[in-house]
Amino acid sequence: METVLWQALAGTRGGPNRARILRTLDDRPRNANQLADDLGLAYNTVRHHLDVLEQNNIITSGEKSYGTVYLPSDRARSNWDTVETIISQVEE
């Protein structure tokens, strides 16, 4: 999981936005529209990053419908020290 986290959060051009999304979801679960508003990102950009994070089992969601709420996955939470390390490096 550590390699997946590094690749998704720091290994690509979109990594910093994915790191911001993950940190925001750690604060409280949100849907894509709330994330876009809170982070000042376009809705389509947020949707793309949510898809990448979900495909890599970094976040999880309930049933797919309008207003689906996302939160960090159990796998991400069990590796949260790595997540924090990556986020601190991405934010520098």
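Throughout, read-outs are computed from the coordinates displayed, never taken from laboratory work. Just so it is clear, the model here is predicted, and its values are computed rather than measured. Note: ideal-geometry Cβ built from the backbone for every residue, glycine included; neighbour counts use all protein chains shown.
So how strong a dipole does the chain carry about its Cα centre when Lys and Arg Cβ are +1 and Asp and Glu Cβ are -1, to the nearest 20 debye?
For this selection, approximately 240 debye.
Quick check on the chain: helices-only [θ] at 222 nm, where DSSP H runs of length 4 and up contribute -39,500 (n - 2.57) each and the sum goes over total residues. Nearest 500, please.
-18500 deg cm²/dmol
Along each of its three principal axes, how wide is the spread of alpha-carbon positions in segment 1-44, in whole angstrom units, largest first?
Over segment 1-44, Cα extents along the principal axes are 29, 20, 11 Å.
Can you bin every Cα-Cα distance in segment 2-90 into 10 Å intervals starting at zero and give me the percent of pairs per bin, rounded to whole numbers?
Using 10 Å bins, I get a P(r) of 18, 57, 23, 1 for segment 2-90.
If you filter segment 6-86 for trypsin sites (Lys or Arg not before Pro), then keep DSSP loop positions with at most 13 other Cβ within 10 Å, what is left?
Of the trypsin sites (Lys or Arg not before Pro), the ones in loops of segment 6-86 whose Cβ has at most 13 other Cβ atoms within 10 Å are Arg13, Lys64.
Summing +1 for each Lys or Arg and -1 for each Asp or Glu, what net charge is found among the other residues whose Cβ lies under 15 Å from the Cβ of Tyr70?
After counting each charged neighbour, the total is +1.
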